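Comments concern the structure below.
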Amino acid sequence: MYHEKLILDILKSTYGFSKDTIEKHTSDAKKTKRELEAFLVDEGIVDEVELYSELAKKIGVEFIALKGREIKKDILNLIPAPLAQTHQIIAFEKNNTEIMLAMLDPDDIQTIEFIRRKLDLIPKVYLTTPSDIKDALRRYHADLEQEGLNITQLSDGEGQDDGDLKKAAEELPIINIVNSVLEHAVYEGASDIHIEPTEKEVFVRYRVDGMLRQVMSLPKTVKNGIIARIKILANLKIDEHMVPQDGRFKIQIQEDKFSFRVSIMPVYDGEKIVLRLLHEGQKPLDLEGLGFLPGPEKLVRAAIKKPHGIILVTGPTGSGKTTTLYSLLGILNRSEVNISTIEDPIEYHVSGINQSQTNERVGYTFAKGLRAFLRQDPDIIMVGEIRDQETAEIAIHAAMTGHLVLSTLHTNDAPTTLPRLLDMGIPPFLLAFTANIIVAQRLVRKICENCKKEYNLEKDEVKELSKIVDMVTVNKLLKEYSVPLKTQEKNLESMVFYRGEGCRKCGKSGYKGRVGIYEVMEIDPGLAKKINARASVDEIKEYAATSGMISIAQDGIVKAKQGITTIEEVLRVTRD
């Protein structure tokens, strides 16, 4: 580490850490093979920007934050990628006489002098953060269109045999295109990549914060080469074009490893590829980080402390159910408990948890995996999804016989989940006895903090919002969660909300990142009676509301008033 002594001084003087505290953190950092400052930042003990700003003052250089800063490609490329990578240095600005350099080690005089002689410019050195350097280094690989400039002369591959396809997949332009598409997706924070052939070209689209957007189009000549390249990476059959195929592969970008889940589907103009991007080793978020309000979070924490029972997370595809389950497993994952999961597919690999993936081709289903796990003395079981009566019955019986079971179900809200399970043939008394809690959720985009502005709702928005919530309920919720109201905010028309105007940092969308909105329904004795009486969905909803359950829409309105998301987003994901 470049400035170990200075870091220790900052921890004592700025953060007030005692010698024992520093020794404990140092020991914990060594156990996880991380530098002390990296450990403190990763664990949320100190703020990275604050720490390195203080370090810059101690060293006597200026601090620069690169995140969200536009760096022109020609300036970035003044320092070759290998040199930038090796010495952790980024050129971010220049004028006629100076070049501005962001570094982690401003004392690296040899490299600074080399750049001075090579570019004939005076280096002006700034300190930045490791995460900003990592983020900036990805920009070397983020110019997609540049990779597509010299590929129009490639053969289109129509009628090629397997050997020709394999050869096409190994051509340097094809390899560069695929690498750039993958690396750019990582840089953009995409969750999915769609590669879609049409009659005349190939479109590449990314799903960022739940919304698809086109990032480039490629000539038809590269279609078969790209498909063959991805099939080779995912260990799939190159010569199979008429049936769907699934696979996965991994890549490494700097120190980070990423897993790509591949789905290939025959379509009219060839084969469509969808890649799901998963960050390996990513730590599960805590419940607050997921977006749980304090009241619902308390209910969830109480439910997972119970030694047995079933916890269900519901919502449509892509609503973050699996992420929520893994966050709960992250809380439960201790050396003294045996946790087993049966999933389709395994999306995150978690140390200390026994994870198994279903395989329909050999008859290894959720039900069979669940039965097998019950013979292995588990304390906690996660079932990726309850899809049928057999899986539901085994999960319920496991919960009844002393296991804590976590699973997901596709329903639109929490109350609808109970009748759905009864329709699967689960006896009411078993469901009433074993169910602990049901969490329904959606994901909404977060407002970009860089361009957030106040505004008042339009008449149409007020009208639509009035259908799902009244002002009395809104006032009660805002008071409960200490969200201040101005004197003039007496109704929805006068209430101040927020939205992003659109800026460079958020790609002009007004949004950056996503957060969950939830409704958490606790199965208390009163609700258990309703289940035993086979109450209708409306009766269950009415009981839950009178018992204080916050609906998804209400949760969203609280977050909109807090300035986390917009009313448009809440209405978008809660419309029936």
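What ranking, highest mean first, results for peptides 196-208, 379-391 when packing means the other Cβ atoms within 10 Å averaged over each residue? Please report the intermediate quantities before stating the final value.
Values: 196-208: 17.7, 379-391: 21.0.
Sorting 196-208, 379-391 by mean packing, highest first, produces 379-391, 196-208.
Taking the dipole about the Cα centre of the chain, with the C-beta of Lys and Arg at +1 and of Asp and Glu at -1, give me whichever of Gly247, Ala169, Cys506 is farthest to the positive side.
Value: Cys506.
For the chain, what does -39500 (n - 2.57) per DSSP helix run (n ≥ 4), summed and divided by total residues, give at 222 nm, in deg cm²/dmol to the nearest 500?
Working: 25 runs with 234 residues, N = 576.
After summing the helix terms and dividing by residue count, I get -11500 deg cm²/dmol.
So, R0 is 45 Å and r is the distance between the beta-carbons of Lys118 and Glu240; what FRET efficiency does that work out to, to 0.05? Provide the component values of the computation, followed by the final result.
Working: r = 51 Å, r/R0 = 1.12.
With R0 = 45 Å, the Cβ-Cβ based efficiency is 0.35.
Grab the alpha carbons of the chain, take their convex hull, and tell me the volume per residue in Å³.
Hull volume over Cα atoms, normalised by residue count, gives 200 Å³.
Sort 228-237, 564-573 by the packing proxy (mean of other Cβ within 10 Å over each peptide's residues), most packed first. Write down the numbers at each step before the final one.
On the way: 228-237: 19.0, 564-573: 22.2.
Ranked by mean Cβ neighbours within 10 Å, highest first: 564-573, 228-237.
Relative to the longest principal axis of the chain, what angle (0 to 90°, nearest 10) does the C-alpha long axis of helix 552-561 take?
That helix lies at roughly 40 degrees to the long axis.
Starting from the Cα gyration tensor of the stretch 240-339, take the square roots of the eigenvalues, sort them a ≥ b ≥ c, and report rounded, prolate or oblate (rounded when a/c is under 1.5, otherwise prolate if a/b is larger than b/c, else oblate). Kindly include the intermediate steps, with their values, before the conclusion.
Working: a/c = 2.53, a/b = 1.97, b/c = 1.28.
Judged from the Cα gyration tensor, the stretch 240-339 comes out prolate (a/c at least 1.5, a/b above b/c).
FRET efficiency for Lys257 and Met400, Cβ-Cβ distance as r, R0 = 41 Å, nearest 0.05?
Here the calculated transfer efficiency is 0.55.
With 27 Å as the limit, write out which pairs from Lys486/Lys559; Lys298/Lys530; Lys220/Lys257; Lys220/Lys512 have Cα-Cα distances beyond it, or answer none.
Numbers: Lys486/Lys559 17 Å; Lys298/Lys530 24 Å; Lys220/Lys257 31 Å; Lys220/Lys512 33 Å.
Violating the 27 Å Cα-Cα cut-off are Lys220/Lys257; Lys220/Lys512.
Would you mind checking the stretch 524-543 for residues with the amide N under 19 Å from a putative spin-label position 7 Å along Cα→C-beta of Thr473?
The answer is 536-543.
So how compact is the stretch 4-142: Cα radius of gyration and Dmax in angstrom?
Cα radius of gyration and Dmax of the stretch 4-142 are 16.3, 51 Å respectively.
Given the peptides 58-64, 521-527, 310-316, arrange them by the average over their residues of other C-beta atoms within 10 Å, most packed first. The partial results should precede the final answer.
Details: 58-64: 15.9, 521-527: 17.4, 310-316: 24.0.
Highest to lowest by the protection proxy: 310-316, 521-527, 58-64.
At a Förster radius of 41 Å, what calculated FRET efficiency corresponds to the Cβ-Cβ distance of Ser13 and Lys33, to the nearest 0.05?
Values: r = 28 Å, r/R0 = 0.67.
It comes out at approximately 0.90.
Working out 0.36 nm times the residue gap between Ile175 and Ala65, then minus their Cα-Cα distance, what length gain in nm do you get to one decimal? Write out the running numbers ahead of the final one.
Details: separation 110, 0.36 × 110 = 39.60 nm, distance 3.30 nm.
Net length gain for the segment: 36.3 nm.
Could you grab the relative contact order for the stretch 1-138? Cα pairs under 8 Å, six or more apart, rounded to a whole percent. The partial results should precede the final answer.
On the way: 152 pairs, mean separation 29.9, N = 138.
About 22 percent, as a whole number.
Using θ = phi - 60° and the Karplus relation 6.51 cos²θ - 1.76 cosθ + 1.60, list the HN-Hα couplings for the stretch 444-449 in order, rounded to whole Hz, with x at every Gly or Pro.
Here the 3J(HN,Hα) series is 10, 6, 8, 5, 5, 5 Hz.
Output ³J(HN,Hα) for the stretch 322-337: one whole-Hz value per residue in order, computed from phi by the Karplus curve 6.51 cos²θ - 1.76 cosθ + 1.60 with θ = phi - 60°, and x for Gly and Pro.
Whole-Hz 3J(HN,Hα) from phi for the stretch 322-337: 5, 4, 4, 4, 5, 5, 5, 5, x, 6, 7, 6, 10, 5, 8, 10.
Once phi is turned into ³J(HN,Hα) by the Karplus curve 6.51 cos²θ - 1.76 cosθ + 1.60 with θ = phi - 60°, what whole-Hz value does each residue of the stretch 178-193 show in order, with x for glycine and proline?
Along the stretch 178-193, the couplings run 4, 4, 5, 4, 5, 5, 5, 4, 4, 4, 7, x, 6, 9, 9, 10 Hz.
Name the residue from Leu78, Tyr481, Pro427 whose Cα lies farthest towards the positive end of the charge dipole of the chain, charges +1 on Cβ of Lys and Arg and -1 on Cβ of Asp and Glu.
Tyr481
Laboratory data are not the source of any read-out in this text; all were calculated from the coordinates shown. The structure displayed is predicted, hence computed values, not measured ones. A quick note on method: Cβ atoms are made from the backbone with ideal geometry, for glycine too, and the neighbour counts reach across all protein chains shown.
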